[in-house]
Amino acid sequence: SSGINAEYGEFLSTREIYRNESLIASKYQLLQNTNMVDFTIDVFHSLHPDEEPPEALGAKRSEVVRQLNILQEKSSEVIEMFKKKEVADVVEKNRDGQQLWDYLQEHYQFDRERLDDVFHYGKFMYDVGNYAIASFNLDFYRNLAPADSKYYSSAQWGKLASEILQQNWDEAMEELERLKDNISSALHLSYSEILVQRAWLIHWGLFVYFNHPQGRDSIIDVFLHQKPYLNAIQTMCPHILRYITTAVVISKRRGTVIKELIKVLQQESYKDPITEFVESLYVNFDFDEAQAKLKECTTVIENDFFIVGCLDEFTENARLIISEIFCRSIRG
């Protein structure tokens with residue numbers, strides 16, 4: 001998602017790891033593939049304050065407005081139909097999508113093309129950065145369309161991304177759970193396709209799990225305890241072990257899950273200061289190494305978009321772990 005990549009770019013600009021001009025240039029390049037033309041023009045002015053934006057951007061803006069008007073008109077006919085009392089009553093009584101669909105076809109000549117208009121409008125609004133309207137329309141489409149519809153999967157992922165970009169963490173958590181269920185029941189997908197879908201959910205989930213109040217526990221419950229997701233991590237994205245390890249270190253449930261984590265870490269070749277900190281204590285019992293790794297962890301966490309907010313909590317718990325294991329070793 002371009003919106004999320006732009007947000008990550010803003011984070012990097014505060015870290016002073018890269019030259020600010022390079023980050024702005026990358027943001028400008030990224031925005032070329034979106035319909036956020038006004039934002040693109042603003043970024044262009046940041047790069048070239050004394051220059052006029054390219055004519056192509058002006059032409060693109062006109063085309064975006066033209067497409068918006070067309071899609072808005074098509075979609076509004078459907079939305080207005082659902083505002084009618086008799087339709088609203090049927091929607092309330094018929095939670096089954098097929099029954100609702102049959103009613104709309106019979107009484108309003110509702111067809112797939114009109115439903116697809118709602119999806120296209122929602123996607124377009126997402127592309128221009130209006131995530132609230134995008135979320136509404138994508139949800140509308142998804143609730144009516146059969147699971148094997150052409151745009152069903154795109155509507156699901158778009159709905160999740162829209163909630164994340166609005167920082168609606170409760171709604172985003174619900175969307176993650178819904179996606180998990182749909183991936184598990186997707187009989188039309190091959191094993192490799194399901195693996196890719198789970199890898200995508202794992203990465204999108206980081207935005208939610210490190211912002212939702214119950215998110216850290218969910219990382220442990222989903223990524224560590226659910227075999228299909230742990231398998232996806234070990235197969236496709238072992239760097240996620242950094243985030244599982246962070247969640248375990250700061251969790252009140254640490255004592256009950258640390259053995260499972262250690263077992264997984266020892267099976268994998270992936271290493272970083274956070275995973276090595278845990279291994280230095282629980283596997284090697286090397287307190288000097290643990291202290292050195294903890295310093296490295298500080299740098300890693302400060303520059304990690306997802307866990308930067310966990311720095312104080314991680315440091316406090318890490319020092320507590322060192323003390324606990326040291327005292328235990330003396331008593332032993």
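The values are calculated or read from the model by the stated rules, or taken from the named source; none is laboratory data. Computed from a prediction, not measured in an experiment: that's the story for all the values here. Backbone-built Cβ (ideal geometry, glycine too); neighbour counts: all protein chains shown. Calculation scope for accessible area: heavy atoms of the full protein, side chains included, ligands and nucleic acids excluded. Shrake-Rupley method; radii C 1.70, N 1.55, O 1.52, S 1.80 Å.
From most to least packed by mean Cβ count within 10 Å, the peptides 130-137, 314-321 give 130-137, 314-321.
Note on Lys150: lysines with a C-alpha under 23 Å away, same-chain residues under 8 apart excluded, are Lys74, Lys123, Lys159, Lys180. Between the Cα long axis of helix 191-209 and the first principal axis of the chain there is an angle of about 80°, rounded to the nearest 10.
The slack in the chain from Tyr18 to Ile70, taken as 0.36 nm per residue of separation less the alpha-carbon distance, amounts to 14.6 nm. Straight-line cross-link partners of Lys295 among the lysines, defined as a Cα under 29 Å from its Cα and at least 8 positions apart when in the same chain: Lys252, Lys259, Lys263, Lys271. Among the trypsin sites (Lys or Arg not before Pro) in segment 241-308, those placed in a DSSP loop whose Cβ has at most 14 other Cβ atoms within 10 Å are Lys252, Arg253, Lys271.
Using a simple spin-label model with pseudo-atoms 7 Å out from Cα toward Cβ, His45 and His203 lie 3.3 nm apart.
Ignoring everything except DSSP H segments at least 4 long, calculate the 222 nm mean residue ellipticity for the chain; use -39,500 (n - 2.57) per segment, divide by total residues, nearest 500.
Rounded to the nearest 500, the figure is -24500 deg cm²/dmol.
Here the simple spin-label model places points 7 Å from the Cα toward Cβ, and for Asp38 and Thr299 these points are separated by 4.3 nm.
Rounded to the nearest 10 degrees, the inclination of helix 37-47 to the longest alpha-carbon principal axis of the chain is 50 degrees. In angstrom, the C-alpha Rg and Dmax of segment 64-216 are 16.3, 48. With the convex hull of the Cα atoms taken as the outline of segment 77-147, the averaged projected area works out to 4.6 nm². For the pair Ser184 and Tyr152 in one chain, pulling the backbone fully straight at 0.36 nm per residue adds 10.0 nm over the alpha carbon distance. Would you please name the trypsin sites (Lys or Arg not before Pro) within segment 14-77 that are DSSP coil residues with at most 11 other C-beta atoms within 10 Å of their C-beta? Hits after loop and neighbour filter: Arg19. Projected label points at Asp272 and Gln214, each 7 Å from Cα along the beta carbon direction, are separated by 2.7 nanometres. The length gained on full extension between Glu63 and Met236, counted as 0.36 nm times the residue separation minus their Cα-Cα distance, comes to 58.3 nm.
Helix 169-184 against the longest principal axis of the chain: what's the angle in degrees, Cα atoms only, rounded to the nearest 10? Approximately 90 degrees, to the nearest 10.
Shown for segment 244-332 is the translational diffusion coefficient from the Stokes-Einstein equation, using the Kirkwood radius over Cα pairs, a temperature of 20 °C and a viscosity of 1.002 mPa s: 163 µm²/s. The per residue volume of the convex hull around the alpha-carbon atoms of the chain is 156 Å³.
Residues considered: Asp272, Asp170, Asp288. Largest GNM mean-square fluctuation over the chain, using C-alpha springs under 10 Å, is found at Asp288. Rolling a 1.4 Å probe over the protein heavy atoms gives the chain an accessible area of 53 Å² per residue.
For the pair Gln29 and Gln98, what calculated FRET efficiency results from E = 1/(1 + (r/R0)^6), where r is the Cβ-Cβ distance and R0 = 56 Å, to the nearest 0.05? List each step's numbers first, then the result.
Numbers: r = 45 Å, r/R0 = 0.80.
So, using R0 = 56 Å, E works out to roughly 0.80.
Basic side chains Lys and Arg get +1 at the Cβ, acidic Asp and Glu get -1 at the Cβ, and with that the dipole of segment 133-227 about its Cα centre reaches some 260 debye.
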